[in-house]
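Working notes for the structure below.
The values are calculated or read from the model by the stated rules, or taken from the named source; none is laboratory data. As the structure is a prediction and not an experimental result, all values here were calculated from the model. Every residue, glycine among them, receives a Cβ derived from its backbone with ideal geometry; neighbour counts consider all protein chains shown.
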Amino acid sequence: MAKRHTNYTRGTGCPVEAALEIIGGKWKGGVVYHLLSGELRFMELQRRMPTVSQRILSKALRELEADGVILRTVYPTVPPQVGYRLTADGESLRAAVLSLREWGARRVAPPQAALATAAE
């Protein structure tokens, strides 16, 4: 499948903008984060991300697949099951996504923990 974002060619544009164009948005980072643990079915992803609608999750998955970040595998079962996993490109995001997770965890720390840290 062709990549969706071709306006960022080598040597032009901002690399951070290019990366955020592909994995930015409210849900794509979460999808990549959850897939770091291995292949997941659609419903498993939806259970891990309960506030995302089915339509929006499907859209995010299609875009990540089109950009080569995830691989979609259809299993020949009745009813058909679909699994999603990271490609090598997607796996290369591991360090960045885990760093974002750590940064986010500090940002959403309970107020008491933030006060204790500030008092030190």
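Name the single residue, out of those in region 84-105 being touching a strand residue (DSSP E or B) at 6+ places or on another chain (Cβ under 6 Å) and surrounded by fewer than 17 Cβ atoms within 10 Å (Cβ to Cβ), that is farthest from V32 (Cα to Cα). Looking at residues that are touching a strand residue (DSSP E or B) at 6+ places or on another chain (Cβ under 6 Å) and surrounded by fewer than 17 Cβ atoms within 10 Å (Cβ to Cβ), I get T87.
The test for being in contact with a His (Cβ under 9 Å, 6 or more places away or on another chain) and either part of a helix (DSSP H, G or I) or at pLDDT 95 or above (or both) does not hold for E63. Please verify whether L71 is outside any helix (DSSP H, G or I), closer than 22 Å to L20 by Cβ, under 19 Å from the mean Cα position of the chain (by Cα) and at pLDDT 90 or above, treating the condition exactly as stated. For L71, the condition - outside any helix (DSSP H, G or I), closer than 22 Å to L20 by Cβ, under 19 Å from the mean Cα position of the chain (by Cα) and at pLDDT 90 or above - is met. Residue under question is V32, and the condition is that it be loosely packed, with under 10 Cβ neighbours inside 10 Å and part of a helix (DSSP H, G or I); does it hold? No; evaluated as a whole, the condition is false for this residue. The residues in region 72-93 that are under 14 Å from F42 (Cβ atoms) and either touching a Cys at 6+ places or on another chain (Cβ under 7 Å) or among the aliphatic types (A, V, I, L, M) (or both) can be counted, and the count is 2.
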